[in-house]
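Trainee: So that we are looking at the same thing, I have put the structure below in structure tokens.
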Amino acid sequence: MTPFELIKCDLYRSTARYSHKLLIKNLINNNRSFKYTFWWRLTQSNNLMIRALARFMHLTLSIRYQIQIPKEAKIGPGLNLGHATGIVLSPTVEIGANCNISQFVNIGSNHGKAAFIADNVYIGPMVCIVENVVIGNNVTIGAGSVVIKDIPENSTAVGNPSRVVNQNDPGRYIMNKYNA
């Protein structure tokens with residue numbers, strides 16, 4: 001997908017619709033989540049001028065919102081940053097479609113490869129995902145969890161260290177899903 005197609009998916013996740021007017025309104029009216037993802041997506045544009053402007057805006061917004069998502073991170077369509085502050089991701093992270101990342105989330109690694117996160121995953125506030133773990137489809141990770149082991153799909157995990165507590169209605173916080 002092109003950066004512009006990914007931007008449309010991100011806006012749809014945020015607003016449940018898409019139009020050029022809505023895109024401009026969300027950029028102007030300080031929808032922090034969308035504004036950040038908009039410029040982050042454009043850092044991967046093939047157009048040199050757009051890419052240069054996007055990298056400047058990405059750096060500016062990274063400082064303002066205290067978000068560190070490197071341009072090398074691989075993130076699928078429909079990214080939603082809840083409250084858009086205090087988020088740190090490793091450049092080696094891979095995230096699928098329709099992922100919600102809440103405030104004060106850290107996803108990283110001290111030994112090279114960070115997590116692989118599948119589709120339709122909700123990551124609650126103040127979650128830390130450490131090292132090369134695999135998080136399956138339709139997973140909910142509760143607030144304050146520390147994930148150090150794989151989480152199977154269709155489950156809810158909580159705690160420090162996190163553990164699966166149920167498999168009833170996982171991923172229920174993923175609204176306005178983008179369907180490929």
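Trainee: Arrange the residues Leu11, Leu59 by how much accessible surface each exposes, largest first, with a 1.4 angstrom probe.
Mentor: The residues order as Leu59, Leu11, largest area first.
Trainee: Something else now. Which is the longest stretch in the chain that no exposed loop site breaks, taking sites as trypsin sites (Lys or Arg not before Pro) with a DSSP loop state and at most 16 other Cβ atoms within 10 Å?
Mentor: 18-70
Trainee: Using Cα positions and a limit of under 13 Å, work out the aspartates and glutamates in reach of Lys35, with same-chain residues fewer than 8 apart set aside.
Mentor: The qualifying aspartates and glutamates are Asp10.
Trainee: How long is the gain from Asn160 to His111 if the chain were fully straight, where each residue apart is worth 0.36 nm and the alpha carbon distance is subtracted?
Mentor: Here the segment from Asn160 to His111 would lengthen by 15.6 nm.
Trainee: To the nearest 500 deg cm²/dmol, what mean residue ellipticity at 222 nm is calculated for the chain from DSSP H runs of n ≥ 4 alone, each contributing -39,500 (n - 2.57), summed and divided by the residues?
Mentor: -9000 deg cm²/dmol
Trainee: Turning to a different aspect of this structure: Subtract the Cα-Cα distance of Val134 and Leu22 from 0.36 nm times their separation in residues, and report this length gain in nm to one decimal.
Mentor: 36.8 nm
Trainee: Describe numerically, in nm with one decimal, the distance between label points set 7 Å from Cα along Cα→Cβ at Ile50 and at Arg172.
Mentor: 4.0
Trainee: If you don't mind, another one. Place +1 on the Cβ of every Lys and Arg and -1 on the Cβ of every Asp and Glu in the chain, take the dipole about the Cα centre, and give the residue among Gln103, Asn132, Ile63 whose Cα lies farthest towards its positive end.
Mentor: Of the listed residues, the answer is Ile63.
Trainee: Extension gain Arg32-Val146, at 0.36 nm per residue separation less the Cα-Cα distance, in nm?
Mentor: Extra length from Arg32 to Val146 when fully extended: 38.5 nm.
The values are calculated or read from the model by the stated rules, or taken from the named source; none is laboratory data. Only a predicted model underlies this, so the values are computations on that prediction, with no experimental measurement involved. Cβ coordinates were reconstructed from backbone atoms using ideal geometry, including for glycine residues, and neighbour counts include every protein chain displayed. In case anyone asks, the SASA skips ligands and DNA or RNA and just uses the protein heavy atoms, side chains included. Shrake-Rupley method; radii C 1.70, N 1.55, O 1.52, S 1.80 Å.
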